[in-house]
Amino acid sequence: MAETREHRLVGVPAVAALADLGFASVASGVIARRRPVLGLLERTGADSRAIERVRQLRREFGAGPVELVVPGRRIVVVLDPHDVGRVLADAPTPFSPANREKRAALRQFQPHGVLLSEGPIRDQRRAVNEAALDSAEPLHRLAGPFAEAIAEEARELILSALHRGHLDARQFTTRWWRLVRRIVLGERGRDDTVLTDELSRLRSAGNWSFLAPAHRRQRDQFTNRLYRHVESASPDSLAGALAAVPAGGATDPVGQIPHWLFAFDAAGIALSRALAVLSTHPEHQARALADAVDPERVDLRGYLRACVLESVRLWPTTPMLLRDITADTEWRDGDERFTIAAGAALMIAVPAFHRDAELLPFADQFVPEIWLDGRAEQYPQLVPFSAGPADCPGRNLVLFVTSTLLAHLLTSADFRLRSTPRPNPDAPLPVTLNNFGLDFTVEPCMTQAG
């Protein structure tokens, strides 16, 4: 009888593997992006380390997950695409999203967020999020007012960019946050930069996970400011929608809002990268423009939404999915079965599944069509918004906001990427793309100029 292969690395080899898998995510900032670092990671193609390490582990151990035993922790690394789907489908038991390291990081600004919650209170908080965000609906019930806000903010962004002749990441981020605060908190919250600056500082502390002390005073200041906005929130805002959801005090509905703001940050990053690719891919840009005709309309912009999804597929805004294994679990590697004991962390290195040319024929290409023709569904490892019971409840809302703003940008001005690297339709796209380095030349549309 053949010996059962041990799916485990211990000591220095385990630490080396973990460093390759997590280096880019940790260095760039797991919770808040570190701008100075991202340029270096882009130049070195840092995410390729995780892709190559997962390939190496797969060659050495087969398809089943491998357990890395490092000081103080066991970390299970998923290697097989089908196991990605299994892990995400089996949340919160036995694969709990309330991972120990994640809790330590997110406690800085959302101690009562659904991602940190377990048991019955998690179900209650998840239900509140889904009700306020209209998770089950393709369009949020406030899509009309949101579309008006997007149109107004887009006009100001475009006028400013045309006046300057360009749009860089700093300008885009400033305008994006005005829109986000307006959608989440209402008109009165639009210009409260202090609120989001406070959140940014708390998120930066969260980058250090266990190493950072709890910044309770700063968190209390942020929370008090947030509550003042919610108390006077317009019914045409997400905070207003939240106020209409019945919820007990222990659920802490307002305590869910920090994560919405956190998630919209990632949405802006995805949007700017999608614009960068479209500005350098004429064929895709032409199809996106066809979908963007009449940007004032409120509906599902299929191709533009697919462009945003493809941006997140190529450059995941959550490059590492973490779970805690709460019960002994059985795994398979071909005909071999083995058990991993409860108590370990579990890691899914997302770029290793989204950008591995050995797994995906379109790994390094911009192919929005896969989200429209059913191809993406054939690959369970493609999880731009996670998947399963713990998927992003704001997925449809985020795609609506980003695709609608993208429609306004494409139809109102001509954006040409002038920063480097320039995504090339005839070459593999860069594995790492620094959104903070993006800079566009902005000119009036040719049709308007004529």
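Numbers for the structure displayed
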quantity	calculated
Dipole of the chain [Lys/Arg +1, Asp/Glu -1 at C-beta], most positive-end residue of Ala27, Pro120, Ser311	Ala27
From phi via Karplus (6.51, -1.76, 1.60), per-residue ³J(HN,Hα) for region 143-151 in Hz, x at Gly/Pro	4, x, x, 5, 4, 5, 5, 4, 4
Segments 72-80, 244-252 sorted - mean Cβ within 10 Å per residue, highest first	72-80, 244-252
In Hz, Karplus ³J(HN,Hα) per residue of region 157-163 (6.51, -1.76, 1.60; θ = phi - 60°; x = Gly, Pro)	4, 5, 4, 5, 5, 5, 5
Efficiency of FRET between Arg35 and Gln218 - r from beta-carbon atoms, R0 25 angstrom, step 0.05	0.75
Theoretical gain in end-to-end length, Asp391 to Thr326 [0.36 nm per residue, Cα-Cα removed]	21.5 nm
Contour minus Cα-Cα distance for Glu118 and Arg155 (0.36 nm per residue)	9.0 nm
Distance (nanometres) between label positions extended 7 Å along Cα→Cβ at Glu148 and Arg59	6.0
Computed over region 314-372: relative contact order in percent, which uses C-alpha pairs under 8 Å that are six or more apart	35
Solvent-accessible area per residue for region 283-425 (1.4 angstrom probe, square angstrom)	37
Estimated [θ] at 222 nm from DSSP helical runs (n ≥ 4, -39500 (n - 2.57)) normalised by residues in the chain, nearest 500	-15500 deg cm²/dmol
Estimated dipole of the chain in Debye, rounded to 20 [Cβ of Lys and Arg +1, of Asp and Glu -1, Cα centre]	1420
Approximate spin-label separation Glu369-Val15, in nm, with each point projected 7 Å along Cα-to-Cβ	4.9
Taking the chain and dividing mean pair separation by its residue count, relative contact order in percent (alpha carbons under 8 Å, at least six apart)	26
Most mobile listed residue (Val383, Val298, Val180) in the chain, GNM with C-alpha springs under 10 Å	Val298
Accessible-area composition of region 391-450, carbon plus sulfur, in percent [1.4 Å probe]	50
Per residue accessible area of region 134-238, 1.4 Å probe, in Å²	51
Rounded if a/c under 1.5, otherwise prolate or oblate - region 359-428, Cα gyration tensor axes	oblate
Surface share of carbon and sulfur [accessible, 1.4 angstrom probe, percent] for region 130-275	50
Fraction of accessible area attributable to carbon and sulfur, region 1-80 (%, probe 1.4 Å)	59
For Arg8, distant residues with modelled amide H under 5 Å away	Glu67
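The values are calculated or read from the model by the stated rules, or taken from the named source; none is laboratory data. Small disclaimer: the values here were computed from a predicted structure and weren't measured. Here the Cβ is made from the backbone with ideal geometry for all residues, glycine too, and neighbour counts use every protein chain on show. Only protein heavy atoms, including side chains, enter the accessible area calculation; ligands, DNA and RNA are left aside. Shrake-Rupley method; radii C 1.70, N 1.55, O 1.52, S 1.80 Å.
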